[in-house]
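*Asks:* Here it is, the structure in full.
Read-outs throughout are calculated quantities, based only on the coordinates presented, and are distinct from any laboratory measurement. Keep in mind that what you see is a predicted model, and the values were worked out from it rather than measured. Backbone-built Cβ (ideal geometry, glycine too); neighbour counts: all protein chains shown.
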Amino acid sequence: MEYYPDNVWICGDTYESLIWKDKTTPKPTQEELNIKWKELKKENMRQERNQLLKDCDFRVLPDYPDTNKEAWVLYRHNLRILPETWSEDNPEFPTKPE
């Protein structure tokens, strides 16, 4: 719906079950939908990653008393580089320190 908000369609479990009712825009190909799906997954990953960064910002402030600061710095670094290293085949986020 995000990519085709003005179109009328009904979706099932497969591409073949996608009923495209819009007469002004042709039905996207399966390949086009797969590309959009990958884009959407990556955008969702970025949003989740951004929230995780916000949730632990305070832990790396110079005056925050944390004995595990180095682990948090590394965790945040791994979150920041996640969009470059993230794989759909292995969509794991870094493990949050204790």
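*Asks:* Between residue 29 and residue 95, how high is the FRET efficiency from 1/(1 + (r/R0)^6) when r is the Cβ-Cβ distance and R₀ = 35 Å? Nearest 0.05.
*Replies:* 0.35
*Asks:* Taking the simple approach of a point 7 Å from Cα along Cα-to-Cβ for both residue 45 and residue 88, what is their distance in nm?
*Replies:* So the two model labels end up 1.0 nm from each other.
*Asks:* Less than 16 Å from a label point 7 Å out along the Cα-to-Cβ axis of residue 22: which backbone N atoms in the range 37-74 qualify, by residue?
*Replies:* Residues passing the 16 Å test: 37.
*Asks:* On a 0 to 90° scale, report how tilted helix 30-55 is relative to the longest principal axis of the chain, with both axes built from alpha carbons and the result rounded to the nearest 10.
*Replies:* Around 20 degrees separate the two axes.
*Asks:* Still on this model: If amide hydrogens are placed 1.01 Å from N in the peptide plane, which non-local residues have theirs closer than 5 Å to the one on residue 9?
*Replies:* 21
*Asks:* Please report Rg (one decimal) and Dmax (integer) in Å for the Cα set of the chain.
*Replies:* 19.7, 62
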